[in-house]
Amino acid sequence: MKKTYRLAVIPGDGIGPEVTAEGIKILETIAGKCGIEFLITKYNLGGEHYNTTGEILPDTILESIGKMDAIFLGAIGHPDVKPGILEKGILLKLRRHFDQYVNLRPAKLYEGVDTPLKDKRPKDIDFVVVRENTEGLYAGIGGSFKHGTLDEVALQESIHTRKGVERCIRFAFDHCRKRNKAKKLTLCGKTNVLTYAFNLWERVFYEIAEEYPDIETDYAHVDAVCMWMVKNPEWFDVIVTDNMFGDIITDLAAMIQGGMGVAAGANINPDGISMYEPIGGSAPKYSGKQMINPIAAILAVQMMLETFGEKVAASFVENGVIKVLQNHLKSTASGKMGYRTEEVGDLVAGCIEESLFRPAADRKFSKA
Ligand code: IPM
Ligand code: MN
């Protein structure tokens, strides 16, 4: 029996449509071969749609997406729309509406990919950030007083609930155990200054740690995490942190793994509908030029397959990516790959096809 997955695709703004097209190409390559199928519904959301209709993300669409198994998102952000409207109205709304309380962002340096860190190799850069994804400074709570005057006061509250912190930390411990690498979980906070918020994080972290005696625990302030990530990234296995710190350190993590062209993330609700995305932005100046690296979008698809429990399909995708990075791309940077966006998708699809048609006994899955 074929397993069917209903997938909501939101190509979004800028280069979103180009990279999601390559992700879908890979899903189509893998589907029939692995006994699965995808029923894709595309949703036209983003800056163009907003500018022509005034609509951002209507409830009818949320309801329709609510019937899907997962969401695959390209990018959100448009030069002709005031910053914040689409980000809050689409991306953050989806994360919150579907209670995708973890943003899982792996940083893995694959063979053949350049890192700006001197002397660091794939064995040194392989960690995952578990970013809390619905609270903190992203809760949108605050206000302004005497707005627009010289006496203006702006408040932006950082919200940390016991429930929110606990479920995120628990997910991180579970993920660290499942990943089964160094089995080390680092809490990234700022207990020396944010003494209320990170006191809560710290207490919950060590309380839950009792249930995971097989996992080594560690703590580092967020500024130190930035320092170590550059100097000794090999110290990290899994990092758990709040929403704002997670946003910032995952851009740094993306750079050391080879840039936005290869950085993927999953917005996860373990009991609901999760959303997968390349973590780079809409890059409007590259829009329609077929210059952006679609590997990040393809790795987002790989994370989706993994979360669905489609391990074989997921490893075919990852191995396709590994081969293309190692043997084909000149660089992972936009415009420097030596190929157009769609050609990179074709190359990955080709590598997947090739390994699928080889007899099982000949298949060698290289682990990066
Ligand atoms: C990300 C992005 C978003 C965030 C923006 C676009 C709202 O930077 O996914 O990391 O801050 O979470
Ligand atoms: Mn970000």
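Coordinate-derived values only; no laboratory data. Since this is a predicted model, take the numbers as computed values, not measurements. A quick note on method: Cβ atoms are made from the backbone with ideal geometry, for glycine too, and the neighbour counts reach across all protein chains shown.
Once the Cβ-Cβ distance of Asn199 and Leu252 is raised to the sixth power relative to R0 = 30 Å, the FRET efficiency obtained is 0.75. If the chain linking Asp69 and Asp346 were pulled fully straight, counting 0.36 nm for each residue of separation and taking away their Cα-Cα distance, it would gain 97.1 nm.
For the chain, the relative contact order works out to 23 percent when only alpha carbon pairs closer than 8 Å and six or more residues apart are counted.
Per-residue ellipticity at 222 nm from helix content only, as computed over the chain with -39500 (n - 2.57) for each DSSP H run of at least four residues, stands at -12000 deg cm²/dmol. In whole Å, what is the distance between the alpha-carbon centres of region 74-125 and region 281-306? Computed from Cα coordinates, the inter-centre distance equals 11 Å.
Pairs from the table (Lys93/Lys120; Lys3/Lys183; Lys184/Lys231) lying more than 27 angstrom apart at Cα are Lys93/Lys120; Lys3/Lys183.
For the options Asp99, Asp251, Asp271, a Gaussian network treatment of the chain with springs between C-alpha atoms closer than 10 Å singles out Asp271 as fluctuating the most. In terms of other Cβ atoms within 10 Å, Arg105, Arg167 run from fewest to most in the order Arg167, Arg105.
Of all complete DSSP H helices in the chain, those with a Cα span along the helix axis of 15 Å or greater and a mean Kyte-Doolittle hydropathy of 1.0 or more are 243-256, 295-308. For region 1-87, chymotrypsin sites (Phe, Trp or Tyr not before Pro) are listed when DSSP marks them as loop and at most 11 other Cβ atoms sit within 10 Å of their Cβ; the list is empty. By other beta-carbon atoms within 10 Å, ranking Asp69, Asp80, Asp247, Asp218 with the fewest at the front produces Asp80, Asp218, Asp69, Asp247.
So which of Lys82/Lys285; Lys88/Lys285; Lys190/Lys330; Lys2/Lys163; Lys190/Lys311; Lys25/Lys311 end up more than 28 Å apart by C-alpha? Pairs exceeding 28 Å: Lys190/Lys330; Lys2/Lys163; Lys190/Lys311. By the rule of a C-alpha distance below 15 Å, with chain neighbours fewer than 8 residues away ignored, the aspartates and glutamates paired with Lys33 are Glu310, Glu353, Glu354. Computed from the Cβ-Cβ distance with R0 of 51 Å, the FRET efficiency linking Lys163 to Lys289 stands at 0.70.
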